[in-house]
1. Which condition from (1) open to solvent by 30 Å² or more (accessible area, probe 1.4 Å); (2) out of contact with any Gly (no Cβ under 8 Å at 6 or more places or on another chain); (3) of a type in the set (A, V, I, L, M, F, W, C); (4) under 29 Å from B:Phe414 (Cα atoms) is the one that B:Leu170 breaks?
2. Tell me the residue from B:Asp482, B:Asp521 that is at pLDDT below 95, in the same structural domain as B:Ser293 (by the TED database) and open to solvent by 30 Å² or more (accessible area, probe 1.4 Å), please.
3. Cβ contacts < 6 Å: first residue basic (Lys, Arg), restricted to the range B:204-224; second residue part of a helix (DSSP H, G or I), any location; separation 6+ or different chain. Result?
4. Hey, A:Val149 hits all of (1) over 27 Å from B:Leu617 (Cα atoms); (2) more than 14 Å from chain B (Cβ to nearest Cβ); (3) touching a Gly at 6+ places or on another chain (Cβ under 9 Å) but one; which does it fall short on?
5. List the number of the failed condition for B:Leu607; all other conditions in (1) assigned to a strand (DSSP E or B); (2) away from chain A (no Cβ under 14 Å) hold.
6. In the range A:45-66, what residues are buried (at least 18 other Cβ atoms within 10 Å of the Cβ) and within 21 Å of the chain's Cα centre (by Cα)?
7. Which of the residues belonging to the range A:23-55 are assigned to a loop (DSSP other than H, G, I, E, B), in contact with a Gly (Cβ under 8 Å, 6 or more places away or on another chain) and either free of Cβ contacts under 8 Å to residues at least 60 places away in the same chain or facing chain B (nearest Cβ under 8 Å) (or both)?
8. Of all residues in the range B:390-403 being open to solvent by less than 30 Å² (accessible area, probe 1.4 Å) and either of a type in the set (Ser, Thr, Tyr) or near ligand 1 (Cβ under 6 Å from one of its atoms) (or both), which is farthest from the chain's Cα centre (by Cα)?
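The values are calculated or read from the model by the stated rules, or taken from the named source; none is laboratory data. Just so you know, these numbers come straight off a predicted model, no measurement behind them. When we count neighbours, we look across all protein chains shown, and the Cβ atoms used for this are built from the backbone with ideal geometry, even at glycine. All accessible areas refer to the heavy atoms of the entire protein, side chains included, with ligands and DNA or RNA removed. Shrake-Rupley method; radii C 1.70, N 1.55, O 1.52, S 1.80 Å.
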Amino acid sequence: MGEAVHRYDETMPLEYRTEENRLNILGFWIFLGAEVVLFATLFATYLVLFQRTGSGPTAQELFQVKDVLIETLLLLTSSFTCGLAIFEMRRGRLAGLLAWLLVTLLLGIGFITFEVREFIHYVHEGATMQTSAFLSSFFVLVGTHGAHVSLGIGWMIFIIIQLLQRGLTVKTARKVFIVSLYWHFLDVVWIFIFTLVYLLGMVV
Amino acid sequence: MKWSEFFVTGEPLIYAADVAIVLTMVGIVFVLTYFKKWKWIWNEWLTTVDHKKIGVMYIICAVLMLFRGGVDALLMRAQLTAPNMNFLDAQHYNEIFTTHGTIMILFMAMPFIIGLMNIVVPLQIGARDVAFPYLNALSFWLFFFGAMLFNISFVIGGSPDAGWTAYFPLAGNEFSPGVGNNYYAVSLQISGIGTLMTGINFLVTILKMRAPGMTLMRMPMFTWTILITCVLIVFAFPVLTVALALMTFDRLFDTQFFTMANGGMSMLWANLFWIWGHPEVYIVILPAFGIFSEIVSTFAQKRLFGYKAMVYSIVGIAFLSFIVWVHHFFTMGAGPEVNSVFSITTMAVAIPTGVKIFNWLFTLRKGKIRFTTAMLWSLAFIPNFVIGGVTGVMLAMAAADYQYHNSYFLIAHFHYVLIAGVVFACFAGLHYWYPKMFGHMLNERLGKWTFWLFMIGFNVCFFPMYFLGLMGMTRRMYTYSDGLGWTPLNVVATVGAVLMGIGFIVLCYNIYYSARYGERDMTGDPWNGRTLEWATASPPVHYNFPVTPIVDDLDAYWVMKKKQGGFQVKEEELKPIHMPSNSGRPFWISVAFFVAGFGLVFKWFALAIAGALFIVLGLILRSFENDDGYHIGVDEIKRTERAARKGA
Ligand code: HEM
Ligand SMILES: [Cu+2]
């Protein structure tokens, strides 16, 4: 909170120009560090429990390869388009930024739709959260990731509205940048889910 | 749920508590209305984002919680004084030791430490506030409403009764069917989120907002300990978040994480709990080390001995704290290999801790010691904490722990580290920084009375417990039979507890007495301090420093006093100061958390969803807010500074 807050540093990318922005971005990185621990704990829980299937189905019997592959494709692509959005922002092009954010958003919504479909399918097979420790930990781990993506979708919608209202300013640029960090992070988590949950589940 | 189950009934103590709660609430409303203070409390306190006021609110809550936890403790001691007592029944006793432990660690020790760090850290690093003042207010209110939610459990619905460690399967639906453990899971979750945000906030503050010239190795030791504590918070609290979430799922939605059928694994809870729980005990002790370091160096009137060694040992302790958690359940079937590894890592903690002890002793050596109350607490800490640490190393021997585990020996160990470490530090810090917080000193004579009563009472209460443990008395037993030979030591322990209670009452009286008659601190530097917080007025003006101080050595203010006779502010150097605006939103977002949490506790999901929607609404409003704070003009700064410095 100094006078420095309002001194602009023109050599930096838009989102790094004020001290306040730099603090926010660092704070968000640390928050992502905490999120890493959170997901690491969920992964550990899953790995401890995933062979404890009780009287319920095993991972191999259950998982839907097709849906999972589509989800993966959608989310990985959305991370790429999110990167393009930041690229456009760095070049100061609001229209390009908005367009790529919108694409990212749609891909994200597609991901969630397929994930919900996948979950509904499992529940119809009789595999619910209550069935076994394996399924409890599966639904909570993958569901926590899904909840994060849903939150990210809502968040991105509000940032798009602010971009439309206020244009590309130091503040909106920071918000876009931070939501993009969040989005890439969720992508990384998904890669771990894909390998440690689905791939491992299909072979073990 | 029937209404007759909603309110806890059938206990005279509970009815008395009901009456007391209603009377207190009516009293507060009456006083605020009568003195026309509603506006004041809203504008000055409930909506504040000032780190100093937030710190004061944390400490007020901590002292209230110390009272609540202390009453629990005295009730337990009353029940255990003699064999076959009927003062509390087994169920009531279970509830009381559970709430005692949970409250003392999470709602007393944590907020006390966080309160002190809120007040002191920005001042020590020469900053005007924390990095995220709005978030800081949200952290406080989440803690506050989490604590409220936990505390209403004993009159509404029933208290948790599975211990502060809430081990499964005991804490599961099968053996704990009521709402008590829902309260535990939900309220700790809410205040835990607040703590995590505090950790992030202070990490950024300390990393990015230090005064020019204050390199990491010139930071005051208290700030160092807070920096490392924040790292611990960021890495440990998410584990608690997950553990509590899984517990909530098991209890509310019948999942199978920790159950005994369908693949559930109760040891998973024990592991998750202690992966957070062990770092947690260091989250409260490291700041305590920092407080003692400041006080010892100030009142020995010497630079802290072995500053670098101190820093490295804090880092070492923090690292080790993540790889020792299994020592809490050596007896639960981990096997000799695993136990040996964790046995050794645990003993290793004693090495950096020992380094710190010697550094304090060497700081004292040849110092011109002033025996103030704050210093007495710090001096008493050293031998008492060593007793706790040495018995900790005894517990760390896995084979021997089969004998000590869950006996009163363990109880004595952790009270020796937590009380002689953390509580002594809180009292020491309170006396030391009180003038900075309120502009007047705490009375020294009363302070020394509290010290002697509490310190002697503490030893009388807890030292016999080591022997009770060796004689076979296990923790959490609500009564014992005659003829075991435990009675005399139990009577002694209760006497000690009463002495501690009296010491606490003297402390409360001291707060009242000093507010009325206490010596005012006109200088801002009553102790001849060494660090930058003493360069401000007491209490500091809301922007802390009119100009940012320049630091060129450790003990920045001490050096300033030597070189320039103090912190010099030239009026022509003043510039407008940017400050954040107050906001009521952190308060009502936290109310929404409370409502949602209450809904979850009773499985009233409509209420929980309504609360959640309000939380989301609050976040959206925050995102759309376009408030850049305000500027204080140079003229106003001049006026404020002249008024604040009149005494100096
Ligand atoms: C040299 C340092 C220390 C060592 C070697 C040590 C060792 C241990 C061991 C082995 C146990 C488990 C004993 C059992 O359950 O049978 C234990 C319990 C405990 N320790 Fe320490 N400790 C040390 C310092 C501390 C400090 C600094 C604190 C807190 C500020 C602390 C707080 C606790 C608590 C709260 C428990 C028991 C919790 C419970 O079961 O409810 N310890 N300690
Ligand atoms: Cu431990």
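1. Every listed condition holds for B:Leu170 apart from (2).
2. B:Asp482
3. B:Lys208/A:Leu23
4. The failed condition is (1).
5. Of (1) assigned to a strand (DSSP E or B); (2) away from chain A (no Cβ under 14 Å), only one is false for B:Leu607: (1).
6. Across the range A:45-66, the qualifying residues are A:Thr45, A:Tyr46.
7. Scanning the range A:23-55 gives A:Arg52, A:Thr53, A:Gly54.
8. B:Asp401
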